[in-house]
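The values are calculated or read from the model by the stated rules, or taken from the named source; none is laboratory data. Everything numeric in this text was worked out from a predicted model, so none of it was measured. Because the Cβ atoms are built from the backbone with ideal geometry, glycine has one as well, and the counts that use them run over all protein chains shown.
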Amino acid sequence: MAQIVEFTGNHPILILAAVLLIALIIVNELRTRLRGVTELTPGAAIAEMNHGALVLDARAPEQYAEGHIINALNAPLDTLADRLDAIRKQHAGKTVISYCGNGASGARAAQLLRANGFAPVYNLRGGLTAWQRDNLPVEKAGERGAGRRQPKRKRARR
């Protein structure tokens, strides 16, 4: 015990930095839990997608056109509230995964969906940036099936 007190006295800046880091971690966890939005890693999102989850891109149409998760529905955050009924009719009872570029707008979209009766709703942790960092497929507007494995062509026999 005396060694801990001595270490603290000899390294006050190090102790202060450790206390601040612990406080930041606690605040971040509390904020995430109070938001009521559960986040999924890209790998966990794929598992949900394989079970029929609806993937919702909360970015602007121009950003969506530059690249998005395959089969994602573009519903920009600023127009999402107006499209809730259409989304509900089309995808009733399915899990919803929202995302944006980095995760912030996707979390707000997930909050809005959850507040309007959608469940379960998840946010893709890190957004499309994390998806691409994990080398997962992205398609661009007009490229149906981009990122999907193409069938191998047979070689002609000589």
**Fill in**
When the stretch 65-80 is checked residue by residue, the ones that are in contact (Cβ under 8 Å) with a residue 40 or more places away in the chain and either buried (at least 18 other Cβ atoms within 10 Å of the Cβ) or touching a strand residue (DSSP E or B) at 6+ places or on another chain (Cβ under 8 Å) (or both) are 67, 68, 69, 70
**Item:** Residue check, residue 86 out of contact with any helix residue (DSSP H, G or I) (no Cβ under 8 Å at 6 or more places or on another chain) and surrounded by fewer than 14 Cβ atoms within 10 Å (Cβ to Cβ)
**Value:** yes
**Fill in**
Counting only residues in the stretch 1-46 that are within 30 Å of residue 124 (Cα to Cα) and of a type in the set (D, E, K, R), the one modelled with the highest pLDDT is identified as 39
**Asked** So which of 8, 79 ends up being of a type in the set (Ser, Thr, Tyr), more than 17 Å from residue 129 (Cα to Cα) and outside the structural domain of residue 122 (by TED's automatic domain parsing)?
**Response** 8
**Asked** Among 93, 117, 126, 103, which is at pLDDT below 95, among the small types (Gly, Ala, Ser) and under 13 Å from residue 56 (Cα atoms)?
**Response** 103
**Request:** Keeping to the stretch 80-100, report how many residues are among the small types (Gly, Ala, Ser) and closer than 20 Å to residue 31 by Cα.
**Result:** 1
**Request:** Please specify each residue of the stretch 33-64 satisfying the condition of being in a helix (DSSP H, G or I) and within 13 Å of the chain's Cα centre (by Cα).
**Result:** 42, 43, 44, 45, 46, 48, 49
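Residues are listed down the side, and each one gets a yes or a no for (1) of a type in the set (Asp, Glu); (2) surrounded by fewer than 18 Cβ atoms within 10 Å (Cβ to Cβ); (3) more than 24 Å from residue 105 (Cα to Cα):
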residue: 14; (1), (2), (3): no, yes, yes
residue: 33; (1), (2), (3): no, yes, no
residue: 37; (1), (2), (3): no, no, no
residue: 46; (1), (2), (3): no, yes, no
**Message:** Can you tell me which residue is surrounded by the most Cβ atoms within 10 Å (Cβ to Cβ) among those in the stretch 48-64 that are in contact (Cβ under 8 Å) with a residue 40 or more places away in the chain and among the aliphatic types (A, V, I, L, M)?
**Reply:** 58
